[in-house]
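A single structure is presented below for examination.
The values are calculated or read from the model by the stated rules, or taken from the named source; none is laboratory data. Predicted, not measured: the structure shown is a model, and the values here were computed from it. Quick reminder, even Gly has a Cβ in these numbers, built from the backbone with ideal geometry, and neighbours come from all protein chains shown.
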Amino acid sequence: MASLAALSSNLFNGGCLWKYQDELKVSKAGKLRIRITSLASSSPAQSLQFADGKANKLEKLRIGVLGASGYTGSEIIRLLRNHPHFQITLMTADRKAGQSIESVFPHLVTQDLPNLVAVKDADFSAVDAVFCCLPHGTTQDFRLQDIAEYEEWYGQPHKATALQKEAVYGLTEISRREIQSARLVANPGCYPTSVQLPLIPLIKSNLIEVRNIIIDSKSGVSGAGRGAKEANLYTEIAEGIHSYGITRHRHVPEIEQGLSEAANSKVTVSFTPHLMPMSRGMQSTIYVEMAPGVTTQDLKDHLGNYYEHEEFVVLLKNKEVPHTRHVRGSNYCLMNVFPDRITGRAIIISVIDNLVKGASGQALQNLNLMMGIPENLGLGCLPLFP
């Protein structure tokens, strides 16, 4: 999705991450590693272990949401309201400035939240961390490491090359260690998340060939953003499948960047995205060629071992087929591997909610990591079914 690529692309982290009022006792039991980073120091964060698995009287981190009137903006608000340590103190929406959030999203009428303000009027001294949920063209995207490649695919020069050097690509389960010490995290796009989670472990282990990878991805219409567009009208989308961005989608270089890094060589894929007549959800069906002597069971065994201890990435059993309706509203990625009728090839199916694991949920998971707290905080919502 062109607009969603930027809607949750950048996660900024302020200087003082946590503040503590009272002395905290240290124990060998129930350990939780908490990072404390001082505004006045650029040295590595100090790690402490707190008793009973949590820090008592921990002040809430003040959170800003830029672009709160969009779909990913509303989704990060929903998730943050269930977070024990984060509090929203700033929300921006230039076209809705001065309005209450319930006037923009009636489903949030019960929430006590600040009114929306224009970005130019935002007081950033009153926040500790910011989720940037702005569309393409209004903010800088930091996903692509190569500045020239960014300009080629986004059609404009990079405006923050110095920041790009410190940006960490936030595919949580793959880059956890780098995210933990980051100041700026570029949250992955929805399509790249659904594609890279199954492929990167298989490429790293040399179980699949890096040639002839075919990716057929389908997304709910919310992935195209909330802006009024003729192509997204009900009569344009309903009762059909809408292919778009053929060979030129902005997520192509992002996918190839991650796969190339895993392979230590240039990887080129065939990728075609489609909009489906549903509000949310994403499925990527991936066709791969297995390395000589490798079977589909080998692929399943490796993915099962790789993600065995991951809460949000689940390899289904036997011949169970992942379905988007089974991840709706959650931060889960379900996947499975199937043998192709063509000898030596396999079919991988991966599903996520494009607004959660493909956007706001993964961004919150990353900020939890950056703060040194359990990464599942605020993300305990089970999938909504039916």
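Looking at (1) in a helix (DSSP H, G or I); (2) at pLDDT 95 or above; (3) among the small types (Gly, Ala, Ser), which is the only condition Ser265 fails?
(1)
Checking Asn368 against (1) outside any loop (DSSP other than H, G, I, E, B); (2) in contact (Cβ under 8 Å) with a residue 12 or more places away in the chain, which single condition isn't satisfied?
Just one mismatch for Asn368, condition (2).
Given the conditions (1) part of a strand (DSSP E or B); (2) among the hydroxyl-bearing types (Ser, Thr, Tyr); (3) closer than 19 Å to Ala359 by Cβ, report the number of the one that Thr272 does not fulfil.
Exception for Thr272: condition (3).
From the set of residues in the range 81-105 that are part of a helix (DSSP H, G or I) and more than 25 Å from the chain's Cα centre (by Cα), which is surrounded by the fewest Cβ atoms within 10 Å (Cβ to Cβ)? Even if it seems obvious, please write down each step before you answer.
Step one: of the range 81-105, the residues part of a helix (DSSP H, G or I) are 94-96, 101-104.
Then keep just the ones that are more than 25 Å from the chain's Cα centre (by Cα); that gives 95-96, 102-103.
Numbers: Arg95: 10, Lys96: 18, Glu102: 13, Ser103: 14.
My answer is Arg95.
I'd like the full set of residues that are under 14 Å from the mean Cα position of the chain (by Cα) and among the polar types (S, T, N, Q), limited to the range 329-379.
Ser330, Asn331, Asn354, Ser360, Gln362, Gln365, Asn366, Asn368, Asn376
Checking the conditions here, which among Asn354, Asn336, Asn318 is out of contact with any Leu (no Cβ under 9 Å at 6 or more places or on another chain), polar (S, T, N, Q) and either at negative phi or surrounded by fewer than 17 Cβ atoms within 10 Å (Cβ to Cβ) (or both)?
Numbers: Asn354 fails: out of contact with any Leu (no Cβ under 9 Å at 6 or more places or on another chain); Asn336 fails: out of contact with any Leu (no Cβ under 9 Å at 6 or more places or on another chain).
Result: Asn318 is the single residue among Asn354, Asn336, Asn318 that is out of contact with any Leu (no Cβ under 9 Å at 6 or more places or on another chain), polar (S, T, N, Q) and either at negative phi or surrounded by fewer than 17 Cβ atoms within 10 Å (Cβ to Cβ) (or both).
Here is a check on your reading of the model: is Ile347 surrounded by fewer than 24 Cβ atoms within 10 Å (Cβ to Cβ), on the phi < 0 side of the Ramachandran plot, assigned to a strand (DSSP E or B) and modelled with pLDDT of 95 or more?
Here the answer is yes, as Ile347 does meet what is asked.
I would also like to ask the following. Could you check the range 261-284 and list, in sequence order, the residues that are surrounded by fewer than 17 Cβ atoms within 10 Å (Cβ to Cβ) and among the polar types (S, T, N, Q)?
Matches in the range 261-284: Asn264, Ser265, Thr268, Ser270, Thr272, Ser279.
Still on this model: If you take the residues of the range 285-295 that are of a type in the set (Val, Ile, Thr) and surrounded by fewer than 18 Cβ atoms within 10 Å (Cβ to Cβ), which of them is nearest to Thr235 (Cα to Cα)? Write out each step before concluding.
Going residue by residue through the range 285-295, those that are of a type in the set (Val, Ile, Thr) are 285-286, 288, 294-295.
Still in the running and surrounded by fewer than 18 Cβ atoms within 10 Å (Cβ to Cβ): 285, 295.
Details: Thr285: 26, Thr295: 44 Å.
Here the answer is Thr285.
A follow-up question, please. Has the range 290-308 got at least one residue that is in a helix (DSSP H, G or I), free of Cβ contacts under 8 Å to residues at least 12 places away in the same chain and under 30 Å from Cys133 (Cα atoms)? Before the answer, list the steps.
Filtering the range 290-308 for residues in a helix (DSSP H, G or I) gives 296-306.
Remaining after also requiring free of Cβ contacts under 8 Å to residues at least 12 places away in the same chain: 297, 301, 304-305.
Filter once more, keeping what is under 30 Å from Cys133 (Cα atoms): none.
So far as the range 290-308 goes, no, none of its residues is in a helix (DSSP H, G or I), free of Cβ contacts under 8 Å to residues at least 12 places away in the same chain and under 30 Å from Cys133 (Cα atoms).
Right, another one. Residue pairs, Cβ under 9 Å, 6 or more apart or interchain, first in the range 171-188 and free of Cβ contacts under 8 Å to residues at least 12 places away in the same chain, second aromatic (Phe, Trp, Tyr). List them.
Between residues of the range 171-188 that are free of Cβ contacts under 8 Å to residues at least 12 places away in the same chain and residues that are aromatic (Phe, Trp, Tyr), the close pairs are Ser175/Tyr169; Glu178/Tyr169.
Just checking: which of the helices (runs of 4 or more DSSP H) contained wholly in the range 153-221 hold 3 or more residues that are in contact with a Pro (Cβ under 6 Å, 6 or more places away or on another chain)?
Values: elements: 161-164, 176-180, 190-204.
Per the criteria, no element qualifies.
On the given criteria, is Ile200 β-branched (Val, Ile, Thr) and touching a helix residue (DSSP H, G or I) at 6+ places or on another chain (Cβ under 6 Å)?
Numbers: β-branched (Val, Ile, Thr): yes; touching a helix residue (DSSP H, G or I) at 6+ places or on another chain (Cβ under 6 Å): yes.
It is true that Ile200 is β-branched (Val, Ile, Thr) and touching a helix residue (DSSP H, G or I) at 6+ places or on another chain (Cβ under 6 Å).
Given the structure, is Val321 assigned to a strand (DSSP E or B) and either of a type in the set (Asp, Glu) or farther than 20 Å from Leu377 by Cα (or both)? Working first, answer last.
Values: assigned to a strand (DSSP E or B): no; either of a type in the set (Asp, Glu) or farther than 20 Å from Leu377 by Cα (or both): yes.
It is false that Val321 is assigned to a strand (DSSP E or B) and either of a type in the set (Asp, Glu) or farther than 20 Å from Leu377 by Cα (or both).
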